[in-house]
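Presented below is the structure to which this report refers.
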There are 2 protein chains.
Amino acid sequence: MVRKRNTERRTALVDAAIEVLAAEGARGLTFRAVDEAAGVPKGTASNYFASREDLFNQVGGRIHTRLGPEPAELSANMLAPRTREAVVWLMTEMVQRIIADRTGYLALQELRLEATRRPELRAALTATVRANLDGNIAQHTGSGLPGDADSVVLLYFSLTALVVEHLTLPDVLDGHELGELVRMFVERAIPAD
Amino acid sequence: MVRKRNTERRTALVDAAIEVLAAEGARGLTFRAVDEAAGVPKGTASNYFASREDLFNQVGGRIHTRLGPEPAELSANMLAPRTREAVVWLMTEMVQRIIADRTGYLALQELRLEATRRPELRAALTATVRANLDGNIAQHTGSGLPGDADSVVLLYFSLTALVVEHLTLPDVLDGHELGELVRMFVERAIPAD
């Protein structure tokens, strides 16, 4: 099979696959559905992905890029005073950015569940998520910001579930303002001096 | 349509539906798949559920029962000294019980994602999850155990994501012992006196 090297087209197809995943679930992710979502001729996706497994794996890689931290924002943070308040700001920005990519984050949850059925996808997603977490720990503990590795781990888990709740069952949070919850999580994760 | 009142049979069918959800995802949850998983004659599920929507909603209700706290364990805890260590014990028990019902918890995550597509299911799950959370807050703050409502909220979110990680991408936690993470979460969520 000839794999075309049109990177932009490939990225557009993977982004279309993310839309399909979020809208239809993992079982709905087929070459045909990707072609339709991307508005390309039937058969196009099969030129870009060796198999359905390959499609899942490429989506796993792309999600990482879409949801990862943006260097510019992190640099801005490096200029801020190194206080717990700066961490609140940083985490609030991160949560807002993730929520803004609702489709990407829902697709990631679909991939997590599909990973229980696909060992190759599980290995790829594990590497991605682990690298993100280790990177966050290294960056945070090297930044001079308050908080230790445990703070980063606790924030990773609590904010992940908070975002999933907001995107799937938002009314569970009725009466809780999202920003206030992020602040509370940071203040507990990073004990005051 | 006649709805049979055989409660045991209904529960068995709903439990079979939970197996299907965890194994195949939400799109795989059909009457036919439920009949097969339950080992009953084709057409049985259609006598117990008015529609696929009804099936999803009944699964949502049953998950609550399967994953909810067990009174006996909570009573035992009420006898323990009311210390932060008792909370560590209680949370560890809860996490172990949820992990032991791997299928039930994975099915709940499938339902969460399906709830983004089904308003009726979303309303039912929201009511269930919210009632659980409010119940946990009321029970904890009335128990004399250390920790406030914010502690319970932070533990709810952080432990939820921890369990999902353990069930979907367990190797992300390599080098972190589950029990040690639960302890760390409790110790941050409930500041020392």
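Within region B:156-172, being within 9 Å of another protein chain (Cβ to nearest Cβ), in a helix (DSSP H, G or I), under 21 Å from the mean Cα position of the chain (by Cα) and not small (Gly, Ala, Ser) holds for B:Tyr156, B:Phe157, B:Leu159, B:Thr160, B:Leu162, B:Val164, B:Glu165, B:Leu167, B:Thr168, B:Pro170. Of the residues making up region B:28-61, those that are closer than 19 Å to B:Leu108 by Cα and in contact with an Asp or Glu (Cβ under 7 Å, 6 or more places away or on another chain) are B:Ala33, B:Ala37, B:Glu53, B:Phe56, B:Asn57. When region B:39-55 is limited to residues that are crowded, with 20+ Cβ neighbours inside 10 Å and of a type in the set (A, V, I, L, M, F, W, C), the one that is nearest to the chain's Cα centre (by Cα) turns out to be B:Leu55. Give the residues of region A:82-116 that are of a type in the set (Lys, Arg) and either away from chain B (no Cβ under 14 Å) or touching a residue at least 24 places away in the same chain (Cβ under 8 Å) (or both), sorted by residue number. Within region A:82-116, A:Arg82, A:Arg84, A:Arg97, A:Arg102 meet the criteria. Does region B:10-19 include one or more residues that are within 14 Å of another protein chain (Cβ to nearest Cβ) and at pLDDT below 90? Within region B:10-19, not a single residue is within 14 Å of another protein chain (Cβ to nearest Cβ) and at pLDDT below 90. For region A:134-149, residues that are farther than 15 Å from B:Asp174 by Cα and either open to solvent by 60 Å² or more (accessible area, probe 1.4 Å) or polar (S, T, N, Q) (or both) total 7. The residues of region B:20-49 that are within 14 Å of chain A (Cβ to nearest Cβ) and assigned to a helix (DSSP H, G or I), listed by number, are B:Val20, B:Leu21, B:Ala22, B:Ala23, B:Glu24, B:Ala26, B:Arg27, B:Gly28, B:Ala33. The residues of region B:167-193 that are more than 14 Å from A:Val153 (Cα to Cα) and open to solvent by 30 Å² or more (accessible area, probe 1.4 Å), listed by number, are B:Pro170, B:Asp171, B:Pro191, B:Ala192, B:Asp193.
Only one of B:Ala124, B:Ala131, B:Ala161 is open to solvent by 30 Å² or more (accessible area, probe 1.4 Å) and closer than 25 Å to A:Val182 by Cβ; which? Steps first, answer last, please.
Values: B:Ala124 fails: closer than 25 Å to A:Val182 by Cβ; B:Ala161 fails: open to solvent by 30 Å² or more (accessible area, probe 1.4 Å).
Selected residue: B:Ala131, the only one of B:Ala124, B:Ala131, B:Ala161 that is open to solvent by 30 Å² or more (accessible area, probe 1.4 Å) and closer than 25 Å to A:Val182 by Cβ.
Taking the conditions (1) more than 9 Å from chain B (Cβ to nearest Cβ); (2) modelled with pLDDT under 95 in turn, A:Thr126 satisfies each one other than (1). Scanning region B:173-193 for residues that are within 7 Å of chain A (Cβ to nearest Cβ) and modelled with pLDDT under 95 gives a single hit, B:Pro191. From the list B:Arg62, B:Arg84, B:Arg32, the one residue that fits, being at pLDDT below 95 and over 19 Å from the mean Cα position of the chain (by Cα), is B:Arg84.
The values are calculated or read from the model by the stated rules, or taken from the named source; none is laboratory data. Keep in mind that this is a model prediction, so the values were computed, not measured. Because the Cβ atoms are built from the backbone with ideal geometry, glycine has one as well, and the counts that use them run over all protein chains shown. Protein only, heavy atoms only, side chains kept; ligands, DNA and RNA dropped before computing areas. Shrake-Rupley method; radii C 1.70, N 1.55, O 1.52, S 1.80 Å.
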